[in-house]
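Enquirer: Before we start, here is the structure in question, set down as structure tokens.
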Amino acid sequence: MQNLVITSKGQELMSRLIAGTTTATFTKIAGSEHDYSGVNLEALTELEDVKQNVLVSKVTRTDLTLVEVLAALDNHDLTEDYYVKALGLYAKDGDGEEMLYAVSIETVAPDHLPAFSGKTISSITYLSLIHI
């Protein structure tokens, strides 16, 4: 996946965090099969063609300016194969409003998640790096 692009809503949330007027929590990651090539990712407020949503597994501050967000997509509930062409990272502010915080896309070789066969679970773990 390419570097995360923080959306306009995500930038607004960061400004409120810096000003001390809210808190924030990363909530989920959404996997989408939509092709966002050539799209202004900052302007997005939702992802299209979302195939699944998963909760964020772990958030870690690794140094003075870097936060790692970990989540894993698996095929346990998938009835159709799909290619993960976009990931959306969602956050919730102190008022409980959830927003699309950032987006990462893959245009060359998107990861493939097969439909669940009833036997073996396939998963992909994503580590998103956020530079503050």
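Enquirer: Once phi is turned into ³J(HN,Hα) by the Karplus curve 6.51 cos²θ - 1.76 cosθ + 1.60 with θ = phi - 60°, what whole-Hz value does each residue of the range 26-37 show in order, with x for glycine and proline?
Expert: Rounded to whole hertz, the list is 6, 10, 8, 10, 10, x, 10, 9, 6, 8, 9, 4.
Enquirer: Let me ask another. Students often forget the sequence filter, so: which lysines lie under 21 Å Cα-Cα from K58 once same-chain residues fewer than 8 apart are removed?
Expert: K28, K92
Enquirer: Determine ³J(HN,Hα), in whole Hz, for all residues of the range 104-117 in sequence, where each value follows from phi through the Karplus function 6.51 cos²θ - 1.76 cosθ + 1.60 and θ = phi - 60°; x replaces Gly and Pro.
Expert: Those phi angles translate into 10, 10, 9, 10, 9, 9, x, 5, 10, 10, x, 4, 5, 8 Hz.
Enquirer: So, one more: On a 0 to 90° scale, report how tilted helix 8-19 is relative to the longest principal axis of the chain, with both axes built from alpha carbons and the result rounded to the nearest 10.
Expert: Tilt of helix 8-19: around 40 degrees.
Enquirer: Could you rank the peptides 82-90, 102-110, 17-25 by their average count of other C-beta atoms within 10 Å per residue, with the highest value first?
Expert: On the way: 82-90: 21.9, 102-110: 16.7, 17-25: 11.6.
Taking the mean over residues of other Cβ atoms within 10 Å, the ranking is 82-90, 102-110, 17-25.
Enquirer: In whole percent, what relative contact order does the range 75-124 give with Cα contacts below 8 Å and a gap of six or more residues?
Expert: Working: 75 pairs, mean separation 24.5, N = 50.
Relative CO of the range 75-124 lands at 49 percent.
Enquirer: Then there is this: How large is the accessible surface per residue of the chain, computed with a 1.4 Å probe and reported in Å² as a whole number?
Expert: On the way: 7450 Å² over 132 residues.
Accessible area per residue: 56 Å².
Enquirer: Using Cα pairs closer than 8 Å and at least 6 residues apart in sequence, work out the relative contact order for the range 1-92, in percent.
Expert: Values: 134 pairs, mean separation 33.9, N = 92.
Worked out over the range 1-92, it gives 37 percent.
Enquirer: At 25 °C and a viscosity of 0.890 mPa s, what translational diffusion coefficient does Stokes-Einstein give for the range 80-132, taking Rh as the Kirkwood radius over Cα pairs? Give it in µm²/s as a whole number. If you can, show how the numbers build up before the last one.
Expert: Details: Rh = 13.5 Å.
Roughly 181 µm²/s, to the nearest whole number.
Enquirer: How large, in percent, is the carbon and sulfur part of the accessible surface of the chain at a probe radius of 1.4 Å?
Expert: Numbers: 3660 of 7450 Å².
Carbon with sulfur: 49 percent of the solvent-accessible area.
Enquirer: Based solely on C-alpha atoms, express the radius of gyration and the Dmax of the chain in angstrom.
Expert: 15.0, 50
The values are calculated or read from the model by the stated rules, or taken from the named source; none is laboratory data. Computed from a predicted model, the values in this text were never measured in an experiment. Cβ: placed from backbone, ideal geometry, glycine included. Neighbour counts: every protein chain shown. Note: areas computed on protein heavy atoms with side chains; ligands, DNA, RNA excluded. Shrake-Rupley method; radii C 1.70, N 1.55, O 1.52, S 1.80 Å.
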